Amino acid sequence: MAEKHAHSPTSGSHGHGQPAHVHTTPPHHDPVDQWHDHSHDVKPQHAHSETVNSGVVLAVGTFLFVLIVVACVIVYAFYIGATTRTLQARERTTADAPAKVFREFKGESLVRLESGGTLQIPAAEEGKTKPITLLPIKDAAKTVITEYSGKVTAGK
């Protein structure tokens, strides 16, 4: 059989000896000034700091983000341009600049591949060179094809 519990202020709503929770609004404090005085006939003001125009905040944030990205791109472009100009000036003024030496070597190598000729390469001994003869690239390609086709037919 179910028992009925008598609720008293000291017995609590759950019977644990705690005072029962009374749902009441605490008394109002004295107003700080006339602006914050909300009597019962005046509607309370909205919270001042919680009213934010989220569109404006988003627009300002997006604008600042784009501004920072554009500034970074401008600084990067300036850095690349200044570095390129400095390196080009160094190449023009220095006779043994690595890039200039390499371009000359590459040009000579391409001419030598087209025309053939003799090339001196370093030998195993210090300070000595060994000459090798280069065929023009077209003749060398024909020689390789002829030799390869002869080995393929002999292997069948």
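Structure data summary
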{"item": "Some residue of the range 88-97 being under 30 Å from I137 (Cα atoms) and exposed (fewer than 10 other Cβ atoms within 10 Å of the Cβ)", "result": "yes"}
{"item": "Qualifying residue in the range 75-86 (condition: at pLDDT 65 or above, charged (D, E, K, R) and out of contact with any Pro (no Cβ under 9 Å at 6 or more places or on another chain))", "result": "yes"}
{"item": "Single residue of the range 137-156 satisfying the filter (modelled with pLDDT of 75 or more and of a type in the set (S, T, Y)) that is nearest to L110 (Cα to Cα)", "result": "T143"}
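The values are calculated or read from the model by the stated rules, or taken from the named source; none is laboratory data. Not measured: the values here are computed from a predicted model. Please note: Cβ atoms are built from the backbone with ideal geometry, for glycine as well, and neighbour counts cover all protein chains shown.
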